[in-house]
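A quick write-up on the structure given underneath.
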Amino acid sequence: MESAAALAQLRQMTDRIRPLPGEDWEALAALWRPLSARRKELLTVAGQQEKYLYFVLEGVQRVYYLDDDGREATLVFTYAPSFGGVLDAMMLQQPSRYFYETLTPSAFLRASYSALADLMQQSLPVAEMVRLGLVQALSGLLERLAEVQSFSSEARFRKLLQRSPHILQLVPHKYLASYLGIDPTNFSKLINRIRI
Amino acid sequence: MERKMKTALLHSLERRVEAHLNIVIGAFQNLPPERLLQQAPGGGWSIAQCLEHLNSYGRYYIPRMRQAVNNAPDAEALVFKSSWLGDYFTRLMQPGVHARKMKAPKGHIPPAALDPARVTAEFIAQQEALLLLLRQAEKKDIGKIRIPISISRWIRLKLGDTLGFLVAHNERHLQQAQRVPA
């Protein structure tokens with residue numbers, strides 16, 4: 001994707017969160033660099049710092065947790081247009097507890113968090129935009145937590161398809177099963193039941 | 001035998017594996033089980049059987065290749081030259097080149113009764129592992145590492161040929177699977 005088109009997508013996103021005055025937008029836009037990644041590349045590794053904020057242009061990625069028994073739990077999917085990365089590790093400047101990985105070939109814009117943090121000190125509108133963006137992310141997470149605790153597996157699956165109708169054709173089912181907290185055998189039963 | 005730039009060869013194999021994954025993730029994994037188990041006319045293999053046949057090769061080769069790659073020292077080899085036999089096997093598998101029917105060797109004949117979701121998931125997991133292997137191989141001498149073939153432990157192919165063979169073989173049977181009528 002051309003950098004002008006990529007930045008236009010980013011601006012649409014920030015405008016939806018909190019429109020920025022021209023000068024603040026210019027300063028924010030200057031922080032981003034294009035990055036492309038192949039399928040199954042680890043962008044952030046557990047135990048390491050999250051140095052970047054990502055803006056997804058293409059592809060599907062996930063944040064996952066790896067437990068002591070080597071089991072993976074898929075916590076979040078990211079896809080265009082949305083921000084990505086391990087946000088808590090980034091903002092707290094602490095080692096990440098999670099991995100951030102591409103599940104398909106992907107394209108991003110990415111900004112160094114230290115540069116973004118500097119800009120947030122200088123620009124109140126940018127700081128406000130980031131704060132509101134984080135609140136929206138928190139709101140999405142709480143909504144998902146409510147679904148995980150209260151919905152049936154079928155309702156969780158329908159909700160996922162409603163949010164991301166193309167995900168079945170893009171992502172291997174094992175990651176969808178892991179996201180929904182269903183074992184792969186029950187996931188294939190579920191998808192066969194819903195298809196009919 | 002043709003000499004190829006190693007990274008160009010590995011990248012082109014990676015692009016083909018990526019294309020294979022797109023077929024299976026975009027189409028096969030979403031088909032109903034009856035469709036995946038539907039046999040081709042004249043007793044030909046179902047889609048699930050094609051994938052299980054490929055899985056039987058992956059189960060043999062992928063762990064062996066991974067171990068060999070992990071044990072091999074990093075190497076600055078820029079070119080790869082197929083062996084005569086490796087080139088022959090890869091050409092034999094290439095779809096379209098020798099389109100004649102071949103008989104699957106013992107140990108690689110897929111049963112008709114299969115769990116299609118499990119078979120499809122295993123194929124996807126194998127291709128994801130193969131992608132990582134192709135990237136790791138960029139740092140190694142793929143002409144020096146050798147892997148015994150699945151049907152005779154006395155014949156050992158260069159890693160570059162084994163990878164080329166496996167990808168060509170996957171392509172052959174994925175095309176066969178795509179031809180199975182509904």
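Readers should treat all values here as calculations from the given coordinates under stated rules, not as data from a laboratory. In this text the structure is predicted, and so the values were computed from the model without any measurement. Cβ placement follows ideal geometry from the backbone for every residue including glycine, while neighbour counts extend to all protein chains displayed.
Brief remarks follow.
- Taking every alpha-carbon pair under 8 Å whose residues sit at least 6 apart, chain A reaches a relative contact order of 24 percent.
- Using C-alpha pairs under 8 Å with a sequence gap of at least 6, the mean separation divided by the residue count of the range B:71-171 gives a relative contact order of 48 percent.
- Amide H contacts of residue B:140: B:75, each under 5 Å away and 5 or more positions distant or on a separate chain (H built 1.01 Å from N in the peptide plane; Pro and chain starts excluded).
- Cα-derived Rg to Rh of the range B:3-179, Kirkwood definition: 0.97
- Computed from backbone phi, the HN-Hα couplings of the range A:4-14 come to 5, 5, 5, 5, 5, 5, 4, 5, 4, 5, 5 Hz, rounded to whole numbers (Karplus: 6.51 cos²θ - 1.76 cosθ + 1.60, θ = phi - 60°; Gly and Pro given as x).
- Look at the alpha carbon pairs under 8 Å that are at least 6 residues apart: their mean separation over the length of the range B:3-179 gives a relative contact order of 40 percent.
- Dipole magnitude of chain A about its Cα centre (Cβ charges: Lys, Arg +1; Asp, Glu -1), debye to nearest 20: 760 debye
- Evaluating 6.51 cos²θ - 1.76 cosθ + 1.60 at θ = phi - 60° for every residue in the range A:72-79, the Karplus couplings come out as 9, 10, 7, 8, 9, 9, 10, 7 Hz, glycine and proline recorded as x.
- Burial ranking of peptide ranges B:11-23, A:159-171, A:65-77 (average Cβ count within 10 Å, highest at the top): B:11-23, A:159-171, A:65-77
- Inter-part distance where the range B:93-144 and the range A:134-196 are each reduced to a Cα centre, Å: 30 Å
- For peptide B:171-177, the mean count of partner chain Cβ atoms within 10 Å of a residue's Cβ comes to 0.
- Angle in degrees between helix B:47-71 and the longest Cα principal axis of chain B, rounded to the nearest 10: 20 degrees
- Taken one residue at a time, the phi angles of the range A:16-32 give Karplus couplings (6.51, -1.76, 1.60, θ = phi - 60°) of 5, 7, 6, x, 9, x, x, 5, 5, 4, 4, 5, 5, 4, 5, 7, 9 Hz. Gly and Pro are set to x.
- Separation of alpha-carbon centers, the range A:23-71 and the range A:78-97, rounded to whole Å: 7 Å
- Pairs over the 20 Å Cα-Cα cut-off, from the set B:6/B:139; B:6/B:144; A:40/A:189; A:51/B:140: A:40/A:189; A:51/B:140.
- Amide H to amide H distances under 5 Å link residue A:48 with A:96, where only residues 5 or more positions off or on other chains count and H is placed in the peptide plane.
- 15 Å tail of the calculated P(r), the range A:1-64, as % of Cα pairs: 60 percent
- Amide H contacts under 5 Å for residue A:76: A:63, restricted to partners 5 or more places along the chain or on a different chain, H placed in the peptide plane at 1.01 Å from N.
- Within 10 Å of each Cβ in A:163-176, the average number of Cβ atoms from other chains: 3
- Working note: Debye formula, equal point scatterers on the alpha-carbon atoms of the protein assembly as shown, no solvent; log10 I(q)/I(0) at q = 0.08, 0.13, 0.14 Å⁻¹ is -0.50, -1.14, -1.24.
- All-pairs Cα distance distribution in the range A:54-136, expressed in whole percent, bin size 5 Å: 3, 13, 20, 24, 20, 12, 5, 2, 1
- C-alpha long axis of helix A:113-122 to longest principal axis of chain A, angle in °: 50 degrees
- Helix A:124-150 axis, angle to chain A major axis (alpha carbon atoms, nearest 10°): 10 degrees
- The peptide list B:124-136, B:105-117, put in order of mean Cβ contacts within 10 Å with the highest first, becomes B:124-136, B:105-117.
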